[in-house]
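To start, the structure itself, in structure tokens.
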Amino acid sequence: MNVLSSLKHRPFALLWTGQTTSRLGDSLYRIALSWWVLEKTGSAVAMGTVLIFSQVPMLIFLLIGGVVVDRLPRIRIMFSSDLLSGLVITFVTVFAWLDLLQIWHIYLASMLFGFVEAFFFPAYQAVVPQITPSDLLNSANSLNGLSQRVTGIVGPALGAALVAAGGTSLAFGLDALSFFISALCVLPMLRSNLDKVQRQEITSEIGTVRRSARASFRQGFKDLGEGFNLVRTIPWIWMSILLFGLVNIMEAGPRAVAMPFLIKEDLGADVKLLGILGSAASLGFVVGMIWLGQYVRLHRRGLLGYLSVVGTGAALLPFAFKLPIPVLIASMFVSGMSTSVFALIWTHTLQEMVPGNMLGRVYSIDALGSFVLLPIGFSLSGWGTDQFGAPTVFLIGGISTIILALLGLTHPAIRNLD
């Protein structure tokens, strides 16, 4: 199958294997953490606060991370990030096992996690086209999405089962183990030719003369400014970043904060349904990635991508009306499939439009612009859930997402992108 062709390339296969393992652990962790916060506090505001503590450090350091991954070996950054993340989750695991874990511990761990993510995210996004031949990029992008969602199919259901049978500490511990396995997969590439090539490119770019701290600081700002200037010249990129800053508030807030409360308080269900809904979304994402991964090139990508966002918003509305559980499961499947369409289009267009030596900075600008308002969204969703109920939060989120996507389609730079 065309979608699997990039696995023949050993560096990408190693990277993909490690990240697939880590993503499975993350899926376990998210389910376990959501249910732990719900059972421990019963507060949607607390749930939103946990997410805020993970987002704010990431947003603060994300632009710095983008400059760093364009100036330092990306594989080394990923290796260090995996090790640090594993240590953070090990801390959470031990405290949960000893029944000493408190909400402020989760806030602290979330802050450290967000800091690490600020460097890992641009490094990972930029290293894929660095180590993968251009004719295999569509396959690699599809497999990255598949990895994220296939593990998402298994992870939520497995995480819910682990929480029900063995408690949250078991799920936390497996996530910590997954980070260490991911680091081991990256380890063979640390001294590879690929890592050496990037180090040589960096050395050539910055010269062999040691810079003063002040000159290096100025150069970092100059590099960042170059990234912003490039983004500003490509309407598809800067308009999408601005719109998704708002879309992510309206779509991610209800799913991340209000969903556990809707399941327990409005539907009278337990953690198993939370796992099933997460698995359904991931299954839809996988189906979308397999479908799109068969194409060497997609056409009318602007129209297709933004119509998929309309579908994502529409998939929130059945939750607002508390429709039967089978309908809600189907809605999550549609949401996952719609998300996969835009995700693949967005990743591939960035790799086409942005020079390789600037990808780290542009990915950081993308993430910052798209997610900078998420803490506000998490706060509003937590407050709205406690004050008005989860169904109202889903109604507002779904309608707003649809309106924002249709607004984007009114601009020719988005509507006419082929």
* **From GLY114, GLY145, GLY155, GLY159, residue being within 20 Å of ILE31 (Cα to Cα), assigned to a helix (DSSP H, G or I) and touching a Pro at 6+ places or on another chain (Cβ under 6 Å)** => GLY114
* **Qualifying residue in region 253-276 (condition: open to solvent by less than 60 Å² (accessible area, probe 1.4 Å) and without any contact (Cβ under 8 Å) to a residue 40 or more places away in the chain)** => yes
* To do: Of the conditions (1) hydrophobic (A, V, I, L, M, F, W, C); (2) without any contact (Cβ under 8 Å) to a residue 40 or more places away in the chain; (3) closer than 26 Å to VAL257 by Cα, VAL334 clears all except one; give me its number.
  => (2)
* To do: Could you grab me the full set of residues in region 120-139 that are open to solvent by 40 Å² or more (accessible area, probe 1.4 Å) and part of a helix (DSSP H, G or I)?
  => PHE121, GLN125, GLN130, SER134, ASP135
* To do: Please list, ordered by first then second residue, the pairs with beta carbon atoms under 9 Å, 6 or more apart or interchain, first in region 352-374 and touching a residue at least 24 places away in the same chain (Cβ under 8 Å) and farther than 24 Å from GLY114 by Cβ, second of a type in the set (A, V, I, L, M) and outside any helix (DSSP H, G or I).
  => MET353/ILE234; VAL354/ILE234
* From the set of residues in region 333-365 that are touching a Pro at 6+ places or on another chain (Cβ under 9 Å) and not β-branched (Val, Ile, Thr), which is most open to solvent (accessible area, probe 1.4 Å)? -> GLY356
* Conditions (1) at pLDDT below 90; (2) open to solvent by less than 10 Å² (accessible area, probe 1.4 Å); (3) not aromatic (Phe, Trp, Tyr): number failed by ALA390 -> (1)
* Considering region 70-96 alone, what residues qualify as being small (Gly, Ala, Ser) and in contact (Cβ under 8 Å) with a residue 60 or more places away in the chain? -> SER85, GLY86, ALA96
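The values are calculated or read from the model by the stated rules, or taken from the named source; none is laboratory data. The structure displayed is predicted, hence computed values, not measured ones. With ideal geometry, Cβ positions are generated from the backbone for all residues, glycine too; neighbour counts draw on all protein chains shown. Heads up: the accessible areas ignore ligands, DNA and RNA and are worked out on the full protein's heavy atoms, side chains in. Shrake-Rupley method; radii C 1.70, N 1.55, O 1.52, S 1.80 Å.
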